[in-house]
Structures are given as structure tokens and as C-alpha cells.
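Participant: Here it is, the structure in full.
The values are calculated or read from the model by the stated rules, or taken from the named source; none is laboratory data. Here the structure is a predicted model, which means the values were calculated and not measured. Methodologically, a virtual Cβ is constructed for each residue, glycine included, from the backbone with ideal geometry; neighbour enumeration extends over all protein chains shown.
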Amino acid sequence: MGCIYATPMEIGPIFNNFRIKAGLSRKQVARHAGVSLSTVSRVEEGMMDPTISMAQRLFSAVGMHMEISISDIPKYSIAHLNSALQGDRIEFDLDWTQIRIFVDHMCSEPHRIDAAIADAPTRTNNEKFDALLAGIAEKLADDHSLKRPGWCSTVPPSSKRWASIGTPTMMMRNESQAPPQFTARNIYINQWQLWREKWWE
């Protein structure tokens, strides 16, 4: 069998597939791998990212060998967007162009989204910015029926409401056109500020 490349978030479904092909129950795998039945279930259902040693034991229990490879973060990755915040004041120090270029690239090449959002950006001292990046990753995943990266759930919503500045009418429009992934994080920015017209079609 050839190599299968997977990010940590993909391990559960891939392992589940191999377990079923091996004709083993979760209980049998748990016994062979020396882990609890609940651990096998949580890994398969994507509720738990196993450690490397645990993942190797699980795959070994279904007759598969797992190897680890390390490579550079892709050029177009949400982890690289830290540099878009160039100061402490997000309203004035945010490089919107850099973020738009990233979103444009993801929308034009959706097959790259999974890898591009897999690695978490380094946290900054700006909770609004951190929440924005998590919201962008979640929207990209949701729009393309992908599983949200696990790191997003560790990023809390902004404690302060963040809305675009403008007239009352503009602010109302921006709020109505803010994606749910943003509003869940207390961010009320019009999605078309980042998700521009599909110029690539």
C-alpha cells in the first residue's frame, strides 16, 4: 500500500477506515493498543488528537505502520498571518491586504485550505486579532465542508465588540453581512471586506 499523508485532524477518520478494513472492533483495538475503549472512540470521532506514540500504537493494532515527517509550513498558511498585525491597535495597524491575499488564494485553490489552516498562528497580545484569524480559519473550513482545525476551539471570542466604523446605516449593513463564524467571536465585520468578488472565475 502507498503512503497516505494526513494532518493531525485527519487521523481519526483515516484510522477508523483502517480499523474497519482490518475487521476489528474498537474494543479489540483498545485491547491490542493498550488504551481505553473511550480513547479509541474519541480519536475516531475527532474529539481527541492522540500523542505520536499513542497514534503509532493504534495504527500498529490494525496492522499499519505510521511514520512522522516534518516540513516547512506552507507559504500560504494562516500561521503566517501574524505579520499582518503590525502594532497594538488593530483598527490602524492591521494589514488588510495581506489577509485578503490569503483568503483570495484559498478561495481560488480550495484543495490547499486543509493544509493552510492546520497550523495555529502564534498568539499575539491582541485578542481581537487572534479571534479574527480563528474566525477566518473556521469560515474557510465551513465553506468547503472541511473539519474545523482543533486549535480554533482554544481561541476565545473577543471580550470587546469589534465593529467597522461608519454611519449607522453602514454599521447595520456590516453587522447583517458579518459571517456567523465572526459574530460568534464578537466580531461584526462585513465578510466582503475579506471575501471579495470571485474574480478568478
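Participant: I'd like the full set of residues that are buried (at least 16 other Cβ atoms within 10 Å of the Cβ) and more than 14 Å from residue 17 (Cα to Cα), limited to region 56-68.
Facilitator: 56, 57, 66
Participant: Which residues, taken from region 87-105, are at pLDDT 80 or above and surrounded by 13 or more Cβ atoms within 10 Å (Cβ to Cβ)?
Facilitator: Selection gives 94, 95, 98, 99, 100, 101, 102, 103, 104, 105.
Participant: Just to be sure I understand, how many residues within region 163-201 are among the β-branched types (Val, Ile, Thr) and modelled with pLDDT under 90?
Facilitator: 4
Participant: Touching a strand residue (DSSP E or B) at 6+ places or on another chain (Cβ under 9 Å), in the same structural domain as residue 86 (by TED's automatic domain parsing) and acidic (Asp, Glu): which single residue out of 127, 138, 175 fits that description?
Facilitator: Answer to the check: 175.
Participant: Just one of (1) of a type in the set (A, V, I, L, M); (2) more than 30 Å from residue 43 (Cβ to Cβ); (3) in a helix (DSSP H, G or I) trips up residue 165, so point out which.
Facilitator: Tallying (1) of a type in the set (A, V, I, L, M); (2) more than 30 Å from residue 43 (Cβ to Cβ); (3) in a helix (DSSP H, G or I), residue 165 fails exactly one: (3).
Participant: What single numbered condition from (1) closer than 20 Å to residue 180 by Cα; (2) not in a helix (DSSP H, G or I) fails to hold for residue 129?
Facilitator: Evaluating residue 129 over (1) closer than 20 Å to residue 180 by Cα; (2) not in a helix (DSSP H, G or I) leaves (2) as the failure.
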